[in-house]
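Rule-based calculations on the coordinates, nothing more; no lab input. Computed from a prediction, not measured in an experiment: that's the story for all the values here. Cβ coordinates were reconstructed from backbone atoms using ideal geometry, including for glycine residues, and neighbour counts include every protein chain displayed.
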Amino acid sequence: MDDFADALRQRVREARAAIEVALEAEDPYGVAVAQDDLDDALRIAGAHGVDVDPDSGAVDPRAQAGES
């Protein structure tokens, strides 16, 4: 389970980083794809009882982009 949990945590970190890159590039499609990947990784982690970094929760791209 450690390899599985580590892989999920890595996937969450990578998705969060991809969201940041897409936000900086003002790429709404990239944000959406990365957010979907993050949501999926968090769903899988929750289903398998894998704890992820508290800062790795879902990101609202509109909030980070200063939109409402």
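Hey, with R₀ at 35 Å, roughly what FRET efficiency would Ala7 and Tyr29 work out to, going by the Cβ-Cβ distance, to 0.05? Mind dumping the intermediate values first?
Working: r = 26 Å, r/R0 = 0.73.
With a Förster radius of 35 Å, E is 0.85.
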* **Rounded if a/c under 1.5, otherwise prolate or oblate - the stretch 5-44, Cα gyration tensor axes** => oblate
* **Qualifying GluC sites (Glu not before Pro) for the stretch 1-49 [loop in DSSP, other Cβ within 10 Å: at most 11]** => Glu26
* Residues Glu20 and Asp51, FRET efficiency given R0 of 30 Å [Cβ-Cβ distance, rounded to 0.05] -> 0.85
